[in-house]
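Here the structure comes first, spelled out in structure tokens, and everything after it is commentary.
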Amino acid sequence: MGTYKRLPRGKKKATNELTTFAEKAYAWVLMNWRQIAWASLAALLIFGVVIGVHKYYSWRTDRAADALASAQLMDSTGARSDALTAVANDYSTTDGGREAVILLGNAARTDGRIDDAIMWFELLVDRSNGYPILKTYAYQNLGQLYAQQKKWTESAAAYHEASLVKGNQISAFSFYEEAVSLEKLGDLEHAEEIYQSLLDDDVDATIKAQSEERLLWLNAHRRIEK
């Protein structure tokens with residue numbers, strides 16, 4: 001009968017390896033405790049600043065909303081305008097501040113104060129970074145206001161900027177309005193290029209139809225001039 005020979009087992013780790021590691025770690029902490037303390041303090045300070053900034057911004061947002069609501073309840077047009085201006089200036093980085101700018105721009109436009117309306121919507125452009133809908137709205141209004149003044153170069157430029165805003169859901173419309181302003185300016189070749197591009201692109205059917213109509217008119221006008 002054959003004899004059974006026990007296979008050799010793998011060597012066990014030395015029992016003092018973990019102890020040695022713990023001793024080394026402890027020694028490292030003792031050597032670097034000042035750096036560890038400073039790093040921990042810096043992390044706590046950064047965390048505290050972040051929390052503080054967040055709470056401060058929330059507080060300012062609430063204050064702006066309250067001030068905006070109070071301003072809108074005022075009966076006197078002059079007092080309401082002054083209060084909205086204060087909100088726009090004092091809370092410029094909040095939603096309430098931006099809404100105050102919109103209200104002031106629209107009020108100026110309704111009253112026929114075009115230059116004042118342009119001022120407010122230019123301010124809205126500056127304050128709407130990160131808000132594509134607001135930035136598009138501001139540029140579209142500027143395009144319309146400059147068109148009212150027959151400043152076709154400025155109008156075309158405003159519509160062009162609107163068409164370039166990332167997230168603009170009506171970029172084809174902005175592009176079309178740019179072409180209309182260029183047409184008024186006398187830059188028929190550039191306007192025609194834009195109309196043709198809108199026909200070639202996948203855009204709203206209404207924009208396509210309007211672009212086609214403008215192209216037909218330009219071609220007819222060219223034939224008459226010849």
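All of the numbers you see were taken from the coordinates with simple rules; none came from a lab. Predicted model only: the values in this text are computed from it and were never measured. Cβ sites come from the backbone with ideal geometry, for glycine too, and all protein chains shown count toward neighbours.
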Roughly what would the spin-label model give for ASP82 and ASN219, points 7 Å off Cα along C-beta, in nm? 6.1
Per-residue Cβ contact counts at 10 Å, fewest first, order LEU124, LEU73 as LEU73, LEU124
R0 = 35 Å: FRET efficiency of LEU188 with SER92, Cβ-based, nearest 0.05? 0.25
So for the pair GLU212, ILE114, with labels modelled 7 Å out along Cα→Cβ, what separation do we get in nm? 3.4
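Show that you can apply the helix-only estimate: for the chain, add -39,500 (n - 2.57) for every DSSP H stretch of four or more residues, divide by all residues, and state [θ] at 222 nm to the nearest 500.
-27000 deg cm²/dmol
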How tilted is helix 171-185 with respect to the longest principal axis of the chain? Cα atoms for both, answer in degrees (0 to 90, nearest 10). 40
In percent, what relative contact order does segment 39-195 have, based on Cα pairs under 8 Å that are 6 or more apart in sequence? 12
Extension reserve of the ALA22-ASN129 stretch, reckoned as 0.36 nm per residue once the Cα distance is removed: 33.2 nm
When ranked by the protection proxy of mean other Cβ atoms within 10 Å per residue, highest first, what sequence do the peptides 21-32, 139-150 form? 139-150, 21-32
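Suppose the chain between ALA37 and LEU73 were pulled fully straight at 0.36 nm per residue; how much longer would it get relative to their current alpha carbon spacing?
Stretched fully, the ALA37-LEU73 segment lengthens by 7.5 nm.
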Tilt, helix 132-148 to longest principal axis of the chain (alpha-carbon atoms), in degrees rounded to tens, equals 20
If you take Cα Rg over 2.2 N^0.38 Å from the coordinates, which of (1) 1.92; (2) 2.12; (3) 1.03 do you get? (1)
Computed about the Cα centre, the charge dipole of the chain from +1 Lys/Arg and -1 Asp/Glu charges at the Cβ has a magnitude in debye, to the nearest 20, of 2500
